[in-house]
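Working notes, structure below.
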């Protein structure tokens, strides 16, 4: 049967799941769903390579839900995701799909959340577990998560997990599972390490590969801006003013970032509201009602929270964070340029995100033009012109009599000249004030080179580094991370580079800790790419690791109460 003629009813799904898909607005299966679901319902192993299209979660999630026997309390499905954000997104969608299949218990396990709460939930009986590799290993070691009866295993974004250094964890988890199980792997690429895993752990898998000819709307102007990470909020405001955006959606990867940016915009005088998964349904409805009515002009949202938003008048989408999945980029920019209108997709790219931008360009087959960040003077000029228009409009509308005595009153009470009073009123109305960024170049420099203490450089503009006896420097990372090891960490930040900060880690050689363990834990729990982690020095009782300064607080918070190799760990800024 051709994919075009398939419906969810023809895939063999139960009435409970069909009711949920219908309620979620799924009219017909996406290409990846149409190809993968029939094989998965037959119990076959599947490799899914989805370069375009939507619905990977439903593609493996619907068969998983069909498989679950709610009368049994043990874990029957395990889904591994590279980051906590993706794990939460997968869980949210599975819960919506399982709405009418009563009794299905789904739990997310990841670092940064209460480990005691997660242990209690697992021991209470959970049918489907969605987790990051690091926390999953922790739960296995604590015997809170038992895999003896798992019959359905999913590796979501397998290439990303390998790239973050989780290969050893993944293989350890798979080796602990029953041999008689169904194994599903989704990956954007089919690299050698991916194929090695499929050959070792899958049984005669079916390859499902989906492409789409057109992934982005021609009505959408796509522009990227190379921005220093700490200046992203400032640049966001400048773009809103410069493009005179009346209605805009700003996308962030995390709930915390949504709250931070919403608060920052409100302090600056913008009408902004946040939308993420922690809001109750009544709050979500209120936020969306105000956005549709134009009372709120800026909506700051996570990808999951923004699903289903259909507002035809959105002028632009701003990607404050680059999405973790290329598909999300397509979903995001599709919120603008609707109903034949033109729209803008403005993407802020920090230096360590440039590789992800290249992946998005390769995925969409569209070259994203590089824009020039508006200067402080540009924004002042824009605000002045807008103020003049507002004054002219107010004067034309009339009804000024009741305000005609204000100038006289201001002269009398303040003693200020007319010119000073007008300038002060303009300042109040425009709301433009100099900040730390006013006279600063906010773009990062692609050609910047770093020197070591003696001024020596290597051929790549990097720094030669001497390492003591305790230094791991990732040469011994073994299989974990797959083909990343062949680069030897050459593109990593080096110790003492500007922008890096050294952290103390309370485990060392006596705890059997290796560099790959530290990288895997930090990358998985803090949600930062393993490639941006710098030098690691491991000693008998403790270790040191260099991370980007902007991520240091995030790492410390994420690792609080966490473990490495099953041992509780304390991470703090090194003194």
Please give the length that would be gained between residue 189 and residue 207 if that part of the chain were fully extended, namely 0.36 nm times their separation in residues minus their C-alpha to C-alpha distance (nm, one decimal). 5.2 nm
Give, in nm to one decimal, the length gained when the segment between residue 399 and residue 560 is fully stretched (0.36 nm per residue of separation minus the Cα-Cα distance). 51.8 nm
Compute the distance in nm between two label points, each set 7 Å from the Cα along the Cα-to-Cβ direction, one at residue 256 and one at residue 15. 4.6 nm
Among 101-112, 367-378, 387-398, what's the highest-first ranking by average C-beta atoms within 10 angstrom per residue? 101-112, 367-378, 387-398
Highest mean first, what order results for 237-248, 258-269, 522-533, 145-156 on Cβ atoms within 10 Å? 522-533, 145-156, 237-248, 258-269
Estimated inter-spin distance, residue 419 and residue 69, nm [label 7 Å along Cα→Cβ]: 8.8 nm
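Where does region 3-210 land on Rg(C-alpha)/(2.2 N^0.38 Å)? List each step's numbers first, then the result.
Numbers: Rg = 15.9 Å, N = 208, 2.2 N^0.38 = 16.7 Å.
Here the answer is 0.95, to two decimals.
Using a Förster distance of 56 Å, how high is the FRET efficiency between residue 102 and residue 293, based on the Cβ-Cβ distance and rounded to 0.05?
Numbers: r = 37 Å, r/R0 = 0.66.
Efficiency, from the Cβ-Cβ distance: 0.90.
With a ≥ b ≥ c the root eigenvalues of the C-alpha gyration tensor of region 37-87, is it rounded (a/c under 1.5), prolate (a/b larger than b/c) or oblate? Could the numbers behind the result be given before it?
On the way: a/c = 2.30, a/b = 1.29, b/c = 1.79.
Verdict is oblate for region 37-87.
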Region 41-110 and region 192-269: distance between their alpha carbon centers, rounded to Å: 23 Å
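Can you tell me the order of 350-357, 326-333, 409-416 when each peptide is scored by its average per-residue count of other Cβ atoms within 10 angstrom, highest first?
Details: 350-357: 17.6, 326-333: 22.4, 409-416: 11.0.
Taking the mean over residues of other Cβ atoms within 10 Å, the ranking is 326-333, 350-357, 409-416.
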If one computes the Cα centroid of region 360-399 and of region 496-558, what distance in Å separates the two points? 42 Å
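Grab the Cα-Cα distance for residue 117 and residue 278, subtract it from 0.36 nm times how many residues apart they are, and report the gain in nm with one decimal.
Details: separation 161, 0.36 × 161 = 57.96 nm, distance 1.73 nm.
Roughly 56.2 nm would be gained on extension.
Every number in this text was worked out from the coordinates using simple rules, so none of it is lab data. Here the structure is a predicted model, which means the values were calculated and not measured. Heads up, the Cβs are rebuilt from the backbone with ideal geometry, glycines too, and the neighbour counts pull from every protein chain shown.
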